[in-house]
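Remarks on the structure that follows.
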Amino acid sequence: MRTVLIEPTENPKVMKFVADYNLIPGSLELDRSSDISEIPLAQELFNYPFVERIFITANFVAVAKQDTIEWEHVAESLKNVIEDELLANPRIYLQKKKEMYQIYSEMTPNPNVMKFVSSKLLMDGFVEVKSKEEAADVPLAEAIFNEFDFATEVFISDNFVAVTKNHSVEWHEVMITVRALIADYLQNGGEISKIEPHKHENPVEKILNRDYTEDEQKISDILNEYVAPAVENDGGKISLMEYDQSSKTAKMLLQGACSGCPSSTATLKNGIENILKQFVPDLVERVEAVNG
């Protein structure tokens, strides 16, 4: 509990509220035109209409009031306000709270991949790290690889981290530990990635360094609208990699939880192929996975 003493001054309009420690270096003089957005104590005091000015220096807060109010009616209330605010912000200025990351785990259709979802956005886009050797530029992935020998791939996108494991462990044995590492890493301000994330809109451009043809763009638009949201919800990503006009075959790049997922081939055939046949029947008859 912060102890504050009430001490009169020679000016009857001004009362000192003295703390038992130094509040700030230097001094601070505030009136109702001052910027007090980072000073909760001043915000609380100026909630009282009779408070005209506030002066803070050394170990005290001096409050100047209007003549219409007597100190005997308000001094105790102000003392309580100041004690409460000093308890919350001992150094007067608003203490910046660490950004809180709530992380929960979520299964994906791929039994080897667990999705760790953050309450806050991690990046605008995605990065994929296929091995420990590739992780130097993605510190979050590097931390996961260094801590867990069973981790084989890390895929970071928007607000989640998808971790692929080998067969040496089961997720129920390690899920809580992995989630705790990711949460602690983010909570402590760890850098997520040093490289620019790939953009969702057209990742094939990063791979092949080319623009979509008109037909490819039509196919991609259907994928983005009808397929991508469900796939990303499962911790993966699907993109049009290549389109063979002669055979009407669309080849898909599978990433994250989709890569190597036992059900991905069935998903391609039963879901995505049927959707594309329905919306662009003149363009697509078959769908293949490039790395499924």
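Quickly run through the stretch 43-102 and pick out the residues that are of a type in the set (Phe, Trp, Tyr) and at pLDDT 90 or above.
Initially, the stretch 43-102 is screened for residues of a type in the set (Phe, Trp, Tyr), giving 46, 48, 50, 55, 60, 71, 93, 101.
Listed by number, the residues that qualify are Phe46, Tyr48, Phe50, Phe55, Phe60, Trp71.
If you scan the stretch 273-292, which residues turn out to be acidic (Asp, Glu) and surrounded by fewer than 17 Cβ atoms within 10 Å (Cβ to Cβ)? Scanning the stretch 273-292 gives Asp282, Glu285.
The rows are residues; the columns are (1) modelled with pLDDT of 95 or more; (2) buried (at least 16 other Cβ atoms within 10 Å of the Cβ); (3) under 14 Å from Leu181 (Cα atoms).
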position: Glu106; (1), (2), (3): no, no, no
position: Pro111; (1), (2), (3): no, no, no
position: Leu121; (1), (2), (3): no, no, no
position: Phe126; (1), (2), (3): no, yes, no
position: Ile144; (1), (2), (3): yes, yes, yes
position: Ala151; (1), (2), (3): yes, yes, yes
position: Ser157; (1), (2), (3): no, yes, no
position: Val163; (1), (2), (3): yes, yes, yes
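With the requirement that a residue be acidic (Asp, Glu), modelled with pLDDT under 90 and either on the phi > 0 side of the Ramachandran plot or not in a loop (DSSP other than H, G, I, E, B) (or both), what does the stretch 1-42 give you? Scanning the stretch 1-42 gives a single hit, Glu29.
Here Met241 passes the criteria (1) within 16 Å of Gly125 (Cβ to Cβ); (2) more than 25 Å from the chain's Cα centre (by Cα); (3) of a type in the set (A, V, I, L, M) except the one numbered (1). Only one of (1) surrounded by 15 or more Cβ atoms within 10 Å (Cβ to Cβ); (2) in contact with a strand residue (DSSP E or B) (Cβ under 8 Å, 6 or more places away or on another chain) fails for Pro139. Which number is that? For Pro139, the failing item is (2). Checked against (1) farther than 22 Å from Pro12 by Cβ; (2) in contact (Cβ under 8 Å) with a residue 40 or more places away in the chain, Trp71 passes all but a single condition, namely (1). For Ser34, the conditions (1) loosely packed, with under 15 Cβ neighbours inside 10 Å; (2) assigned by TED's automatic domain parsing to the domain that holds Lys120 all hold with the exception of (2). Taking the condition under 22 Å from Glu70 (Cα atoms) and either surrounded by 12 or more Cβ atoms within 10 Å (Cβ to Cβ) or in the same structural domain as Glu70 (by TED's automatic domain parsing) (or both), does Ile6 pass? In short, yes.
The values are calculated or read from the model by the stated rules, or taken from the named source; none is laboratory data. Only a predicted model underlies this, so the values are computations on that prediction, with no experimental measurement involved. Using ideal geometry, Cβ is built from the backbone for each residue, glycine included, and neighbour counts are taken over all protein chains shown.
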